[in-house]
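The values are calculated or read from the model by the stated rules, or taken from the named source; none is laboratory data. In this text, all values refer to a predicted model and were calculated from it rather than measured experimentally. Cβ atoms come from the backbone with ideal geometry, glycine included; neighbour counts cover every protein chain shown. Keep in mind that these areas ignore ligands, DNA and RNA; they rest on the heavy atoms of the full protein, side chains included. Shrake-Rupley method; radii C 1.70, N 1.55, O 1.52, S 1.80 Å.
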Amino acid sequence: MPSYLQIENISKSYGTKVLFDHIGFNINEGDKIALVAPNGTGKTSLLRILAGKDRSDSGGSIKFLRDVRIAFLEQEYDYDPALSIEEQLHSDEFETQLRIRRILDEFGLRPEQKMGELSGGEVKRVAITGMLASDSDFLIMDEPTNHLDLDAIEYLENALKRSRCTLFMVSHDRYFLDRVCNTIMEMDHGAIYTYRGDYENFLRKRSERISNYNAETEKVRNILRRELEWIHATPCARSGKAKYRKQAFLELRDRAADVHATRSITLEGLPGGTYLGKQVIDCKGLDFSWGGKTIVKNFSYNFQRYERVGIVGGNGIGKSTFLNLLAESERPEIKRGESVRIGYYRQQGMDFPDDSTVLETVPDTRLLEKFLFPHEMWNNRLGRLSGGERRRLYLLTVLMQDPNLLILDEPTNDLDIVTLNILEEYLLDFKGSLIIVTHDRHFLDRLVEHLFVFCGNGVIKDFIGGYSEYRSFMEDLRKEEKAARMSAEAPKPRRTKTPGDKKLSWKEKRELETLEAELEALGREQKELEGLLAGGTDDYKRITEASSRYEELRALIDTKELRWLELSEMQ
């Protein structure tokens, strides 16, 4: 693959904190790269520099080898709440308008909806619609799956897999990384390392790299010991022609001190959950509506001790409202056990003043060290922390309360992958009950025993198993429903066959031959229409006619395929 983008000698610091220093790397055309690094090391800053939203402190250069169209998806989407979605995504190009309408339809959004009335997840869908509809050559994406529901994540996942664009993104979603990206780039100790392949390959190769580096350090230390003996044994050799050896000794000493020690968060020593009695939360006939919208309808469930429940459903459907009811509502339909001690991690994050310091927020210095807040960060104001650092500190404030029931609303947003893995291990060993709303499929598969699926209009269904099992079940169900629908819509056989009659009549043979030819022709026409609808004309009338014909073709092909299968089986 030809080199597409060359980055050389770029740096970024905030105050005395150096994020990265004189780094450089290449991106090839067609690469789909995921950038991974701990929170607070400058991932977002690097993306902003590449997108032209910020500048390198050290100058340097960012060179695209040809003219390209760039689309940048930031974590926080800038929008006007007074505008409609259509006005927010306004485009003068007819072809782009068609793409916008098609993607909005896939996302379940209407062009006339006001931006100020959308949920956080719906705003994120609008931002992604604008990015995908731009048909840009190079996509830069900062945590694209944050706040999206599972259906939207899978739509974006499939769109990026099909796209020929070049992609550079930051994401903590491990399933998303593996299914979209072909390369993982790591920013570590001020350097960039590139690994081709999936996330598991990255972990393996990274471990090998660190082991090799530390082995080389040990060799240098052995040489240093011999040089130190020489220095001590021959003091007169410290001048004159031995100066070069003195300089080499000093360089060896610096290198020998450079051991690669990966800083990692540890949850050892945190409270493990106080005693939890048999009664946790018992809901009987819970009904709740807000703004004319039914959130929960006649919900009854008795949450059990040590139970692990995942909650999934579309954006804006009421999952966070449901958690608020469980955690805080004094409604008579909700009864909590006397021993229940709730630790509630809210999606919107912590509500602390930006001018508060890290140490004022969590006075326990031992726990701060465990959560990667070293001494030099204790006096940092919260307003200067990265999004991931704020989330990590907020998580610490929840866990240190020693809860025996954890209610977590999107705990994975903005956390780096290393922190997520360790949080998962902590929750697996947690001696209490868990209720989790998350769109992280890996998180759900590892931690929960069953799901509450929010279906809309207050309907909540219970599914035993993790997310992958649920998704597989839903795929099978859709296939069965489609087959039943096609069977009901198919024309009845023209004559009844007896069990022993396996031969086709002359007329049926001719029908079978005709069907084969028709299906082949219809398939060709369908591909031509797909090409037309994907872009290539700005003739609105022609696009409308093609779209209508495409839907007719799908139904016609389904009907003819069913008849062809029936005749083939008889033959």
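On the beta carbon distance between GLU551 and ASP78, with R0 = 51 Å, the FRET formula returns roughly 0.90. Over the chain, accessible surface divided per residue gives 52 Å², non-protein components excluded, 1.4 Å probe. Note on GLU360 and SER505: the model spin-label points, each 7 Å out from Cα along the C-beta direction, lie 9.0 nm apart.
Computed with every protein chain present, the accessible area of ASP31 is close to 10 Å² [probe 1.4 Å].
Largest first, the residues PHE371, PHE463 sort by 1.4 Å accessible area into PHE463, PHE371. For the chain, count all C-alpha to C-alpha pairs, find those more than 30 Å apart, and express that count as a whole percent of the total. Roughly 64 percent, once rounded to a whole number. Taking 0.36 nm per residue of separation and subtracting the current Cα-Cα distance, fully stretching the chain between ARG110 and ARG55 would add 16.1 nm. Distances between placed amide hydrogens fall under 5 Å for HIS22 paired with ILE10, SER11, LYS12, all partners being 5 or more residues away or on another chain. When only the Cβ of Lys, Arg, Asp and Glu is charged (+1, +1, -1, -1), the dipole of the stretch 340-408 relative to its Cα centre reaches about 240 debye. The GluC sites (Glu not before Pro) of the stretch 356-455 that meet both conditions, a loop assignment by DSSP and at most 15 other Cβ atoms within 10 Å of the site Cβ, are GLU449.
Applying the Karplus relation 6.51 cos²θ - 1.76 cosθ + 1.60 with θ = phi - 60° to the stretch 181-194 yields 3J(HN,Hα) values of 9, 10, 8, 10, 10, 10, 9, 9, 6, x, 10, 10, 10, 10 Hz, where x marks Gly and Pro. Here the chain is treated with +1 on each Lys and Arg Cβ and -1 on each Asp and Glu Cβ, and its dipole about the Cα centre works out to around 1600 debye. Taking every alpha-carbon pair under 8 Å whose residues sit at least 6 apart, the stretch 281-374 reaches a relative contact order of 25 percent.
The simple Förster model, with R0 at 56 Å and r as the Cβ-Cβ distance, assigns ARG164 and ALA215 a FRET efficiency of 0.85. Ranked from largest to smallest solvent-accessible area, with a 1.4 Å probe on the protein heavy atoms, LYS43, LYS479 come out as LYS479, LYS43. Separation of the alpha carbons by more than 24 angstrom is noted, of LYS43/LYS319; LYS32/LYS479; LYS124/LYS319; LYS335/LYS431, for LYS43/LYS319; LYS32/LYS479. In the chain, helical runs assigned H by DSSP with n ≥ 4 each contribute -39500 (n - 2.57); averaged across all residues and rounded to the nearest 500, the mean residue ellipticity at 222 nm is -13500 deg cm²/dmol. The slack between GLN6 and TRP290, meaning 0.36 nm per residue of separation minus the straight C-alpha distance, is 97.0 nm. Surface composition of the stretch 313-373: carbon and sulfur make up 44 percent of the accessible area, probe 1.4 Å. Couplings 3J(HN,Hα) of the stretch 52-65, computed from phi: x, 8, 8, 10, 6, 5, 9, x, x, 8, 10, 10, 8, 7 Hz, in residue order, whole Hz [Karplus 6.51 cos²θ - 1.76 cosθ + 1.60, θ = phi - 60°; x for Gly and Pro].
For the peptides 290-298, 195-203, residues were scored by their other Cβ atoms within 10 Å and the scores averaged per peptide; the highest-first order is 195-203, 290-298. When LYS319, LYS507 are compared by accessible area of protein heavy atoms, the largest-first order is LYS507, LYS319, using a 1.4 Å probe. Over the chain, Cα pairs under 8 Å with separation of 6+ residues give a relative contact order of 13 percent. For the stretch 59-203, the square roots a ≥ b ≥ c of the C-alpha gyration tensor eigenvalues yield an a/c of 1.5 or more together with a/b exceeding b/c, which makes the shape prolate.
Convex hull volume per residue, computed on the Cα atoms of the stretch 31-113, equals 181 Å³.
Here's the picture: charge each Lys and Arg Cβ at +1 and each Asp and Glu Cβ at -1 in the stretch 1-137, and of GLN97, ILE128, TYR4 the one pushed furthest to the positive end of that dipole is TYR4.
Comparing TYR14, ALA521, ILE417 along the charge dipole axis of the chain, the residue lying farthest to the positive side is ILE417, per the Cβ-charge model. Packing, as the average of other Cβ atoms within 10 Å across residues, places the peptides 74-86, 17-29 in the order 17-29, 74-86, highest first. Taking only protein heavy atoms and a 1.4 Å probe, the accessible area of the stretch 90-217 is 43% carbon and sulfur. For the stretch 416-491, the Stokes-Einstein estimate of translational diffusion at 10 °C and a viscosity of 1.306 mPa s comes to 107 µm²/s, using the Kirkwood hydrodynamic radius over alpha-carbon pairs.
Summarising the label geometry, the points placed 7 Å from Cα in the beta-carbon direction at ALA483 and LYS63 lie 5.9 nm from one another.
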